[in-house]
Amino acid sequence: MPAETVVKIPIRRITIVVDIRDPLAPELSIDDFRALFGKEPDPDRYRILSIEVITSPDDLQPMLVTECARYSRFIRRESDSIYFRKELSTS
């Protein structure tokens, strides 16, 4: 059995604003929305979504935190981090 270690990966939260009245309006980050309109989003028209992503420890591609449980090397989520098992290279 190959040697393994535990890798801690921080969770990144991306907050976006979605216009629920205009489906063709682009999604904006909360900071871009504030800079563009100079105000907070009106809750009657906009929804604020928080998307949690990590960088996959194997291929370094973005991955939704909700997908981690399907990943065979996933150990647990704790606070603002995800823990994975990772094989140590033998070379």
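Taken together, the values in this text are just the output of simple stated rules run on the coordinates, not laboratory data. Remember, predicted model here, so these are calculated numbers, not experimental data. Cβ coordinates were reconstructed from backbone atoms using ideal geometry, including for glycine residues, and neighbour counts include every protein chain displayed.
Structure notes:
- For the chain, the share of alpha carbon pairs falling in successive 10 Å distance bins from zero is 15, 35, 22, 18, 8, 3 percent.
- Once the trypsin sites (Lys or Arg not before Pro) in DSSP loops with at most 11 neighbouring Cβ atoms within 10 Å are cut out of the chain, the longest remaining piece is 40-91.
- Residue with peak Gaussian network fluctuation, the chain [Cα springs, cutoff 10 Å], from THR66, THR15, THR55: THR66
- Estimated from helical segments only, the mean residue ellipticity of the chain at 222 nm is -2500 deg cm²/dmol, where each DSSP H run of four or more residues counts as -39500 (n - 2.57).
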